[in-house]
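What follows is a single structure, written as structure tokens, with notes after it.
Each value in this text was obtained by applying a stated rule to the coordinates, not by laboratory testing. The shown structure was predicted, so the numbers you read here are calculated from the model rather than taken from an experiment. FYI the Cβ positions are ideal-geometry reconstructions off the backbone, even for glycines, and counts take in every protein chain you see.
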Amino acid sequence: MVDRIVFNIIQVLVVMTFAPLIKGVLNKLKEIIQSKRGPSIFQPYRDLWKLFHKDEVVSEQSSWIFRVTPYIVFVTPIFVTLLIPVLTGYPLFFAFMGDMLGGGFILALGGFFATLAAVDTANPYGPVGASRTRMVGFLAEPVFMIVFFTVSFIAGSTIPYIVQKQWVTPLANFFDPSHILLMLAFLMLIIAESGRIPVDNPSGHFELAMIDESKGLEYSGRAAALMKWGGAMKFFVLLCIFLNVLVTPWGLAQTEALSDVLLAIPLILVKMFGFILVLVVIESSLAKLRLFRITEFLGAAFITSMAAMITRLLEM
Amino acid sequence: MLDHNTTLSIFAKLDALAGGLFLLSAFGMVAMRQVLAYLNLFALQSVLLASSAFVLGYQYESNHLIAVAGITLVVKAVLITWLLRRTIDREVYARREISQALNIPSSLLIAMVLTIIVYFVSSPLLSFASDPTIKFNLPIGMAGLLIGAYVVTVRREAVPQVIGILSMENGAFFAGISIASSLPLIAELAAAFDVLIIALVMGLLTRRIHERVGTTAVGKMVSLREE
Amino acid sequence: MELIIILVIALLAAGLSLIPVGKKLAPAITNIGTLAIFLLSLRVAFVAIKSAEVVALKNWVACDSLGAIILLLVAFVGLTASIFSWGYVEKRVAVNNPYKIRRYYALYNLFLFSMLAIPMLSNIALVWIAVGLTTVSSVFLVAFDNTSESLEAAWKYIILTSMGAAFALLGVLILYWGLNTVGHGPFTWAELVKLSPGIPGDILKTAFIFILIGLGTKAGLVPFHTWLPDAYSQAPAPVCALLSIAESTTVLYVILRMQPILQGAAGNYAGVWFIVFGLISVGVAAFLIIQVKDLKRLFAFSTIEHMGIILVAAGIGGPAAWYAATLQIVSHALAKSFAFFATGSSLMATGNQDIASVRGLIRTSPVSAVSLAVAGLAIAGAPPFAVFLSEFSILKAGLTSGQYIASGLLAFFIVIAFWGVMYHINRMVFGRPEPGSKGIPLRASNITALLLAGAPIVLLGLFLPGPFNKLVHLASILLGR
């Protein structure tokens, strides 16, 4: 019992610690592919450190929403971390609190507050970004739903720990067409949800073309640090769900020995590194879509998840 | 819910995977805008067809199906793709967008509806399926056929229409390799060459239209209309 | 053996037509070839009357009495159309261009080859391939004028019929699956009919629907008919005569062959579809005939109408209706080929296929006027002609078997179509000729073809020769179980 609480805390710490690193590695790799030197992989930590030591400026016109949002954005991924398999293949102490749908809703709560806060300051760019984020979110939602339904339909459950076992018992299940198609659909969703190319350009600095970044423009100091850190953790958590539940359900601690759990940390980092390589290739080989083409991108994700559903139906 | 795991072998799974990707490539054809991407998708679909035939042939130790896989690979994935690329000059391929009667998201939805219809049409047949692979290949092939028919109806360019027809044939063959796996090889050989000849003739005709009318946007040719 | 020789002759003629010697060799070879083919098919037909089936290669190439009728029709039209082509192509299609003439005859023979193959192939997969070949070999005949209109028509033609072919392919494959559920016999019509009671009804029905849609596109059934009037209006007249037989009659023959297979497991499932599809085709075509502005389109719609009539007749069912349907196939093919020759002669005489601009043909070109009038009467079903006889027996069979609604509608549509055809033909034949219209005088070959094609439609309307009657009778038995 105590073990499981401790592991849960370790899990949260891992997410908090390594989330910026993943961002840093991603940025570095991308620059390398574009034949540039790029910032150090520890640059996100330095950014956070710097921001925490700066003064915070808050507009007098803004309401409590603006002030509360950074904390919500920071806390929601931590909550989700408690529910999902990051290091262990068995449910930990808090995992009873929610399933994958619950996790999705908690993450959506953070996004919701970020959107509200962007509108709150009346900065002209904030609402533009907010409405675009909503548009993408609005289109991504049904796909999320279908993906979750298909997953629960196949595994007979929405608990990530059960779903994860489904793909590898027996191993032939891994090659199930519905599984492969689901992975594809989920990958597209992650790209849309975390604002990567081709949906959004995270390293763009042109405010009119921004989708995700413009929401945080008004924050400074500690609040900005929390927003950035929270964003990095959200990305990390999404990758955890994608990798540990769908793509590579191996390498998680199966026993309650501390050594096993600690061994799982480098393994998850290696998996993430592998995935980031793929993501960088995708990002470097595609161009950003025009805003109204995003519908088609998400439409494709929707169709893919529906195809997964249909092949599943045919199998029965 | 879990009992199918024991009944489906790894081969059936691989075949089903080819089927799922086949269906996805059919959807992709509905969604593609560029002619070249469309052509590549067709080549991919043909490869998937060949791989499904190969998996089935390996499973049943049927040289005949493996030969079909080889023929499909050579004729459809290589020859026809090369032929269509040679047919018209690069100008058409360079153009980014294909004109289409309906926009892409609604086309995708229609393709979706077609697939669901196929599911209901084919489900009474599947109870006669002696083999689990029929359960994938027949409905997915049928869906490929209908989606291809939809693509031909909506697209207004010559080459995409040709590819649509070839993908319809891919769909029919995808169903065929599982339901009619013992059809005499001579018939399938002839069918493969029939497809090749059709592609050749359509290519020639496209060329002539391009020379004579100056465009390959066949959807805009409306001089023959019912008054 | 005759069957193989027929195919070889057609292929040889196609090859020899390309020999680059003058402009007389290719038509001469084609004429001789088609004559030989016709005589051989006559022989096949006589053998079929006696021994029910002519076998060249067991389970691959064989011809029963139904196939023999179709073969005979194709061969006859192939002969008359090749005679008609002699003058028509030289004077109108490829004026003094030896290269084009040779190409025309090579394609013509290839097209004829693929059509001749359909009735004599037993294996259904090969029949599908032959049907595909008819499209491929005729598409350049449709586009022969190389104008933008003819290319458009050819494009529509190949796209729509290829779509149909893909549907039919799936149908054929499902049919084969059905056959394999009860045994591993050869994939032939006879075997299917024999084993069909054991095949699950759902499989047969699905296969039938796909084949009906797929080949229905090729036969020109409404609503898949849109390519047909375009292709007919652009193709040279003799090719239209062939198209009307190839596209429509031989393909319809394949559809009709499905009927006995379905009667085993699924009741009269095919019959209901035949009646519905047939009535829609007859009705739509009858009303489209009225608004038509182009002479060739007129006969194109009339082809659709007749395909519908044959389908309805087959759908009504019973020996009398099947006999009438077979008779209708024959009479329509003969009358329609004659009609297209008449159209061709009027085109040569006036140089214009627009109905509104042709008046008083009887004064400018009496031969084409008379033949056009006869063709109109024959195809619309006026009394002394063969079509009248077959249509009348269809209606009679329908009424005696209690299909009052279907027969009533059929009769109504036939009357409308009759009126439509005669209205247009009447205006063209009589009236005041436009001054200054100049045409090409008809050649001897045209008139020979008109006489040859016209003789049987009159003769068969007056009396049916004994052997012929026997053949039709034998063939109609094959339409049922």
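Quick rundown of the values:
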quantity	calculated
Eligible aspartates and glutamates near C:Lys218 by straight Cα distance, threshold 15 Å, same-chain separation 8 or greater	C:Asp230, C:Glu247, C:Glu305
Helical mean residue ellipticity (222 nm; -39500 (n - 2.57) per DSSP H run of 4+; nearest 500) of chain C	-26000 deg cm²/dmol
Given chain A, longest segment not containing exposed loop trypsin sites (Lys or Arg not before Pro) (DSSP; at most 11 other Cβ within 10 Å)	A:38-289
Share of Cα-Cα pairs in the stretch A:127-217 lying beyond 16 Å, as whole percent	60
Distance (nanometres) between label positions extended 7 Å along Cα→Cβ at C:Leu11 and C:Arg363	5.5
Gyration tensor verdict on the stretch B:143-227 (Cα atoms; rounded if a/c is under 1.5, prolate if a/b is larger than b/c, oblate otherwise)	prolate
For A:Phe79, net neighbour charge (Lys/Arg +1, Asp/Glu -1) across residues whose Cβ lies under 14 Å away	0
Long-range HN-HN contacts of C:Val61 with modeled amide H, under 5 Å	C:Ala56, C:Ser122
Other protein chain Cβ atoms within 10 Å, averaged over every residue that makes up C:144-154	4
Residue-wise HN-Hα coupling along the stretch C:284-291, computed from phi with Karplus coefficients 6.51, -1.76, 1.60 (Hz; x: Gly, Pro)	4, 5, 4, 6, 5, 4, 5, 8
Förster radius 30 Å - calculated FRET efficiency between C:Lys24 and C:Asn146 (Cβ-Cβ, nearest 0.05)	0.80
Along chain A, longest interval not containing exposed chymotrypsin sites (Phe, Trp or Tyr not before Pro), exposed being DSSP loop plus at most 15 other Cβ atoms within 10 Å	A:43-205
Segment A:Leu267-A:His205, length gained on full extension (0.36 nm per residue, minus Cα span)	18.9 nm
Modelled FRET efficiency - R0 41 Å, A:Lys36 with A:Arg67, Cβ distances, 0.05 increments	0.65
Per-residue HN-Hα couplings for the stretch B:169-182 [Karplus 6.51, -1.76, 1.60; θ = phi - 60°; Hz; x = Gly/Pro]	5, 4, x, 4, 5, 4, 5, x, 4, 9, 7, 10, 5, 9
Neighbouring partner chain Cβ atoms per residue of A:175-182, average, 10 Å criterion	6
Computed label-point distance, nm, for sites B:Ser130 and C:Tyr99 using a 7 Å Cα→Cβ extension	5.6
Of A:Lys23/B:Lys13; A:Lys165/B:Lys135; B:Lys76/C:Lys296; A:Lys28/A:Lys54, pairs whose Cα-Cα distance is over 32 Å	A:Lys23/B:Lys13; B:Lys76/C:Lys296
Proximal aspartates and glutamates relative to C:Lys58, as straight alpha-carbon distance under 19 Å, when same-chain residues fewer than 8 apart are discounted	C:Glu2, C:Glu191
Estimated distance in nm for a label pair at A:Val58 and A:Val119, the labels positioned 7 Å out from Cα along Cα-to-Cβ	2.1
B:Val213-B:Leu36 FRET efficiency (beta carbon distance; Förster radius 30 Å; 0.05 resolution)	0.85
Relative packing of B:44-52, C:358-366, which averages over residues the other C-beta atoms within 10 Å, highest first	B:44-52, C:358-366
Average beta carbon contacts from partner chains per residue of C:155-165, 10 Å cutoff	6
Residue-wise HN-Hα coupling along the stretch C:51-63, computed from phi with Karplus coefficients 6.51, -1.76, 1.60 (Hz; x: Gly, Pro)	10, 6, 8, 9, 10, 9, 9, 3, 6, 10, 10, 7, 9
Cα principal axis extents for the stretch B:10-220, largest first, Å	52, 35, 23
Formal net charge of residues neighbouring A:Thr88 (Cβ-Cβ distance under 9 Å; K, R +1; D, E -1)	-1
Cα-derived Rg to Rh of the protein assembly as shown, Kirkwood definition	1.09
Under 5 Å, built H, 5+ apart or other chain: amide partners of A:Ala253	A:Thr88, A:Gly89
Chain A: Cα Rg divided by the 2.2 N^0.38 Å rule of thumb	0.99
